[in-house]
Each structure stands twice: as structure tokens, then as C-alpha cells.
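Below: the structure, in C-alpha cells.
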Amino acid sequence: MSHCNQSICRSRNLAEMCDTAASWQQKADRLTVELNTTQDLLHAEIDRLKLANETLQAAVSCAPVFLWATDRDGKLTLAAGKGLENLGLKPGATVGRSIFEVYSSQPDVLENIAEVIAGNDRTWNVREKHFIHEIRSAALRDGNGEVVGAVGVSTEITERDQSIATLETANQELEERLQQQTAVFNAALAESEKKYRNLVETSQELIWSIDIEGLLTFVNSAAKRIYGYEPPEMIGRSFTDFLVPDRESRPREIFAQLLARTRIQPHTANSPYETVHIRKDGTPVHLRVNSIVNQAENGAILGLCGTATDISDRKRSEEALQEATDQLRAVLDAVPGLISWIGSDLRYIGVNQHLATSFNLSPESFVGQEINFLDKGSTFGELIRIFFDTSSQQTCQEIEIEINGFVRNYLIVAQKYHQGTAAVSVGIDITDRKRAEALKNQLICSLQESEHKFRSLYEATSDAVMLLDEKEFFDCNPATLKIFGCSNTKDFYGKKMSDFSPQFQPSGQDSSSLAIQRISTAMQTGSCRFDWVHKRLDGSEFPAEVLLNAMEINGRKVIQAVVRDITDRKRDEDGIKASLAEKEVLLKEIHHRVKNNLQVISSLLKLQSRYIQDSRVSEMLKESQNRVRSMALVHEQLYQSKDLSNIDFAEYIQNLAHNLFQAYENHAEGVKLQTNIAPCSLNIDTAVPCGLIINELVTNALKYAFKGQVKGKINIDFTLDNNRVCVLTVSDSGIGFPQDLDYRKARTLGLRLVGSLVKQLRGGIELLETAGTTFRITFSQPKLHSEEKI
């Protein structure tokens, strides 16, 4: 104990000397005083620790235990205690070895040490030879709380009674070694201070201190990297010079709160906080700050010290992560499916926007709710419950979900995550697909039914239906065999179209080349219809109507041929043609006789007019003769044309006008005729009234329009518009129609006849106010006899 007292006295004298030196340094430089004060405190603490360490070393060396410490890799950094002897180890030779070598016979050491490195305390027993050891181990942490290794004690518990004597021996040895270790620790103190300064200067974190005025008293070299300032440029400046103006309230509050404390436990740190400072170039730098109150031995507060870590990269990563999260959220909200995250407690963790909108709710209203809160006993809720009860990591099932009163089909795909404590579910709306499948099945049934119907029709039809490619026939119905005189399909399959045809068709063309031409036409246009003469197996020929349709079967283009035997129809057509020819001859004879009779009447009127002395009566007979001649002209054109029911109106008007100019050649001298007749055919019921109207109007023009004039012109125009409205215009360049005469109430036979004929045509007539006289008659074009038959 006397040795201990002497050591304590020497320590106190050394502290007084350090205090005296520090007071002189404080007068010279305030910063140096603080550093020396800290150094004195460190020396005193080292002395205390040396004493405690020597005591502990002596106690451990004498104790029947094996005290050890390792780094994170399991390499021993401390090995002490008499327990080493039980393991056959020496203290000096053990440090640096792996603890797994020391306990190589114990397979569970690796697992237990790994647990300790992970931060979990462990206690276990091992057996070495005849000894049983109890090992207690805990994680070794640095000042920041980070695990840097493991520390443990192995106690030989075979003979616990020997521990007291071992402890006494250890205490004696500790006293003896105390003086020897003092010099060693003094040298180690200087080395430790050097290492401490090197550590501070090489630290990647900013280490700083400020006084109670808020002025920086120390920064390490990390200031250059973080702020862009050299350390001397920052020392002496207020820490508020580096704060962002709109964010300086929080650091100021923390500074004031720490300095306002009256009782401060040693090394009591405030909660870390994040802030933004300004670099030398004006750019912001994000920092995470830890600070602690710096106080003297007497408890006086000297200021604050701490560390600051540059977290700008982390902030940028967080912003990028947040941006990616926002993008993912936007994508999930845009997905037209029901996406939800569900915990194993069957409550919603979150949903996407589409799911929430489908139920007219917000995504936030789903969080924390049970999955069936909208529909108790829903199929979806039961599906997820069963999914969590099973060990499966994924499930997929079609279910029905009622949304806003409408039942829709969804394909639910769920996947577990977080070790099965949560799941994400995606619901895809397959209602339209299900409807399409139902429609498809319905169409398949309908097609099968149609196929059965067409197959029945194919087999039952009396027409020959056959299939052939570009070379030969390969399928046919029973009617084909009957029509072509084949006893079975072997007589028909493999044959060409020309095999069932004579060498030449009635047109004189070669059957083989013509058949190839017809098939090519069908392939190109899709179908081809024509008449054909076929030949049966017995050599007999028959006329037929053939329809070729191109189609595709199993990707191969083929021709479907439908052959109809038209022998009876041809026979009937020949009879009808013969009968029609007879009727055409008879009809021409009738028109010829009518024309002759009208000519006879015209001649009689002409003869009669020679014996009439009264010029007025003679003129009336002449007009009647012209009228009869106009009707006769119609019948003359009919029996001379191929069409016995319709007349070429343009040719008829030309002939009619020519006859009228010949009849009134005395009046027509110097008068020119101009016609503009659109191509048109009229039936006899329309042509006769039109001819009579033209006869009356042209006759009146020749007789009365050009009195006192040497020259004149008569125009006959006939047009037909798109609405099938006929416009007949007869005009002259004469003296004009008398203004005091109303043509509608005229008593002359000619004008009265014109009005009656216009009514017969169901048309209209009007007198236009032009130079000379112009009558315009409009009526609808009647249907031709050929159109009526159609």
C-alpha cells in the first residue's frame, strides 16, 4: 500500500506542474491552454487507468480464468489469466492468434462468436481435457457504439474453491509489477497523444470545438474537404458565419440549450441533428452534427465540441430514391389494375389510385382497414386469408368482385415479401376477356351447328358440289357422282376438269385451255360463273351452269365448283326463243300494217283536199294529214328497229321535222331547223304524244311566226336530267306569240290538242317570255318496256 501512496503523490505533483504550465500557456494562447488542460486531464486519466489496468492485470493473471478480447475477425488482441495454462497456452504467444485456433476442438465457438459480433451477449460451457470452462462473452464497442470486436472471460469452474487463493496471489503480483509498468505507461502516454492527434487530423469527419461565445477554437483538416477552407481560415470565426440564413435557428437553439445546462454528466451528448452549411464557394453542404459540452475539472463550461459528417451524397441519394419512389408511385397509380399491399394481419398497408378510385375512396382511407371492410365475407378477403395460412410464396386465382353495384371478373396475383409478413396483390380486370371467351364458345357452338347444317345441305343438294386444286378434284358430294355417272369416289377423285368435258366447247375453244383460264380467273377474282358443256363417264354430254369460288383450306388455296345440270332449262329457253321470234315477226307485221293503214288515211286526206275549194277546210285536212303522218312515222321506226317496244327519240324528231318542212315548203323557205336532242329512248305511249306536240308547235311556227320575214330559225331541244325529268323546248325567232291570246284558252284545235297531250303525259307547259315564241314542256321519263319486265 505504501507503493500506491507514493504513486498517488507523484501523480498529484505532476498534475500541479501541468496546471502551472497550462496557466502560463493560457496567457499566451487561449487555444493552447485548452489543449494542455485536456492533455493534463488525459494524463491523469491515463495514470488512473494504468493503476486500474495493473491491478486488473495482476488480478486476471492470478485468477483461474482466461480473459480475452478479439477484433471483428476473431484475432486475439488480449489474452490473460491462469486459464491459459489449462489450455496449454502462454500469454505472450497467444495474442495475435485466432480464438478459433485456441478452441479448435469446440465446433460451437464460431457460431457463438458470430452472435457476439452481431451484438448479442452469449454464455456457454466448453470442456478441455479434464477441465470445464464457463465462457461469458459480450460485444466490444467503440465510442460511436459500433461493434469492433468481442471480449470474454473463460472461467474454470472445476474447482471454484481455488479462486480465492488465486485472487490473493494476483493482488501481490500486481503490487510488485506496478512500479515496473509506470515508466512503460508514461512512454505509452506520449505515444497515445501522438496517435490521438494523428487520428484527429486524418479523420474523414470534421472534428470541431467552439467556446461559449460561439467562436471556433479548433477544426481538423477535414474542414478543407467539407467547407473548402483551410483550418486557420475558420478558427476564430463564429460558427453562425457558416449557417444558411433561413436555417440557422435550429443550430442556435441547440447551442443555447447546451450552454444553459447547470448540471452536466460527463460525455452527455445531445441528439444528433441535420443541418445545411455554406461552403467557401457558396454551395450548400448537408451535415449531420453531434455535439457535447466541454467543461473543466471544476465543472466550468468551456464551450462545445463534436463532430460533423458530410451527408450530401446521402441526401442526393435520398432525393434520387424519393424521385424513383414518386415515379414508381405514379406508374402504379397509372396502372389500370387493382394493386394493394396487405399485412399478415389482413389489413391494408396501401393501395394504388386506380383501386381507390374504383370504390370512390382515397388511397389513404384504405390504410389500416381490414381487407373486407367494404364487403364482409368477400371472396378476395377469403383468398388472401388462405394465402397467408399457407407456405406458398405466390398465388393466382380468378374471382368476382362487386364494384359500385356491378360484378366484374378479376385475375388476382399475390406475392409475399418481408419473410412472408406482407403481400402485394395485383388484380387484372378480365371481364371483357371472359365475355369474349363466352362469345367465342358461343360462336364455336354456332359454327359447329352451321357446319352441320351446311354439311347436310352439301350432302342433300341436287347440284354437284366438288373441291379441286389447281391440278385435280379431291372431294365431292353424292349429287356429283350421280350427275357425272360415277359409281364411287374412286371414279371421280384425281380427275381434272377437262376429263369431264368434250374436246371443244360450243364456242369452238379447246376445253382444257379454257378450263385452266376459268380456274385462274376464279383464283384471281374470287369467283367465276359461266356456262359449260360437260361429259359423263359414258360419253354423253349435257349443258351445265358452273360457279367457281376460290377459298382457303388449311392454308391451301382451292376451288369450290358448283355444277348445275341445265338440260331442261336449255330446252325451255330454246322453246321460248322460238316463240319469241314468232311474236317479234308478228309484232313487226302489226306495226307495218298500222303504218300502212295510217299512210292510207293520210293519202285519202290528201286526195280529198284536192277536191275542196275552201282553203280553210283544205288547210284543216292538211294538218290532219300531218298528224296522221307523225303517228305513222312512230310505227315505221318501230318495225324497222330491233327494239319493237321503244323508239330512238332523237332519230324520230329529225324525221318528223324533216317531213313537216317538206309539207310546208312554201312557208319554210328561208327558215332553218336546229335540233339538240339528248340520246334517249321512249316507249310508244310517250313517243306518240310528244310527236303530236312537236307537230302542232312546229306547224304553227312555220305558218304564223315568220310573216313578213325573209329568214328565221326553229329550235327543238330535248334534255333529260339526273332526276329522270324530260324537258322538251320548241322555239322560233319569229314575230312572237300574240299578247292578247291566252294559249291555255285558245279555241284553235292545235293548241287545244297540245294542252290535252301534255295532260296525257302528266307534265306541264309554259310559254316563256323571249324573243320570238318559246314553249317548254316538262314531264317525267316513263319506264321503258324492258325495265318494266325487269
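Note on I516 and V710: their simple-model spin labels are 7.8 nm apart, each label 7 Å out from Cα toward Cβ.
Here the Karplus curve 6.51 cos²θ - 1.76 cosθ + 1.60, taken at θ = phi - 60°, turns the phi angles of segment 683-697 into couplings of 6, 5, 5, 9, 5, 5, x, 5, x, 5, 4, 5, 4, 5, 5 Hz, with x standing for Gly and Pro. Taken per residue, the accessible surface of segment 453-560 reaches 56 Å², heavy atoms only and a 1.4 Å probe. Remark: segment 320-332, residue by residue, has Karplus-estimated 3J(HN,Hα) of 5, 5, 5, 5, 5, 5, 5, 5, 4, 5, 5, 5, 5 Hz, where x stands for each Gly or Pro and the curve is 6.51 cos²θ - 1.76 cosθ + 1.60 at θ = phi - 60°. With only Cα atoms counted, segment 638-780 has Rg and Dmax values of 15.0, 48 Å.
When a/c reaches 1.5 or more, the comparison of a/b and b/c decides; with that in mind, is segment 203-317 rounded, prolate or oblate per its Cα gyration tensor?
Here segment 203-317 falls in the prolate category.
Past 19 Å, Cα to Cα: identify those pairs from K672/K707; K224/K280; K75/K194, in the order given. From the list (K672/K707; K224/K280; K75/K194), the Cα-Cα distance tops 19 Å for K75/K194. 3J(HN,Hα) couplings calculated from phi for segment 113-120 with the Karplus curve 6.51 cos²θ - 1.76 cosθ + 1.60 (θ = phi - 60°) are, in sequence order, 5, 4, 5, 5, 4, 6, x, 10 Hz; Gly and Pro show x. Between Q353 and I157, the modelled label-to-label distance comes to 6.5 nm, taking each label 7 Å out from Cα in the direction of the beta carbon. The count of lysine pairs in segment 453-560 whose Cα atoms are under 26 Å apart, excluding pairs fewer than 8 places apart on the same chain, comes to 18.
Looking at segment 176-265, which GluC sites (Glu not before Pro) are in a loop (DSSP not H, G, I, E or B) and have at most 15 other Cβ atoms within 10 Å?
Passing sites in segment 176-265 are E213.
Seen through its C-alpha gyration tensor, with square-root eigenvalues sorted a ≥ b ≥ c, segment 453-560 comes out oblate because a/c lies at 1.5 or above while a/b is not bigger than b/c. Amide H contacts of F66: G83, S154, T155, E156, each under 5 Å away and 5 or more positions distant or on a separate chain (H built 1.01 Å from N in the peptide plane; Pro and chain starts excluded). Overall form of segment 337-437: oblate. Here a/c, set by the Cα gyration tensor axes a ≥ b ≥ c, is 1.5 or more, and a/b is not larger than b/c.
Annotation: extensible slack from Q322 through Q505 equals 57.2 nm (criterion: 0.36 nm per residue apart, minus Cα-Cα distance). Amide H contacts under 5 Å for I430: N409, Y410, L411, restricted to partners 5 or more places along the chain or on a different chain, H placed in the peptide plane at 1.01 Å from N. Computed extension length for N488-E253: 73.6 nm, one decimal, from 0.36 nm per residue of separation with the Cα-Cα distance subtracted.
If you roll a 1.4 angstrom probe over the protein chains with everything in place, what fraction of the accessible area of segment 167-243 belongs to carbon and sulfur, to the nearest %? Here carbon and sulfur together make up 54 percent of the probe-accessible area. Ignoring aspartates and glutamates fewer than eight residues from K315 along the same chain, the ones with Cα atoms less than 20 angstrom from its Cα are E205, D246, E248, E274, D281, E323, D326. Here K224 and D475 are evaluated by their C-beta separation; at R0 = 60 Å the FRET efficiency comes out at 0.05. Surface exposure of segment 695-772, expressed per residue as accessible area with a 1.4 Å probe, stands at 62 Å². In this simple spin-label approximation, R97 and T169 carry label points 7 Å from Cα along the Cα→Cβ vector, and these lie 2.1 nm apart. The H on the amide N of G303, modeled in the peptide plane, is under 5 Å from the matching H of N294, each at least 5 residues off or on a different chain. Enumerate the aspartates and glutamates that K82 could reach by cross-link, defined here as Cα to Cα under 20 Å, with residues fewer than 8 away along the same chain left out. Reachable aspartates and glutamates: E54, E101, E128, E134, E156, E159, D161, E168, E173, E175, E176. The slack between D463 and Q608, meaning 0.36 nm per residue of separation minus the straight C-alpha distance, is 45.2 nm. Of the trypsin sites (Lys or Arg not before Pro) in segment 298-393, the ones in a loop by DSSP (not H, G, I, E or B) with at most 14 other beta carbons within 10 Å are K376.
The values are calculated or read from the model by the stated rules, or taken from the named source; none is laboratory data. Owing to the predicted nature of the structure, the values given are computational and were not obtained by experimental measurement. Note that we place each Cβ from the backbone using ideal geometry, even for glycine, and neighbour counts take in every protein chain shown. Heads up: the accessible areas ignore ligands, DNA and RNA and are worked out on the full protein's heavy atoms, side chains in. Shrake-Rupley method; radii C 1.70, N 1.55, O 1.52, S 1.80 Å.
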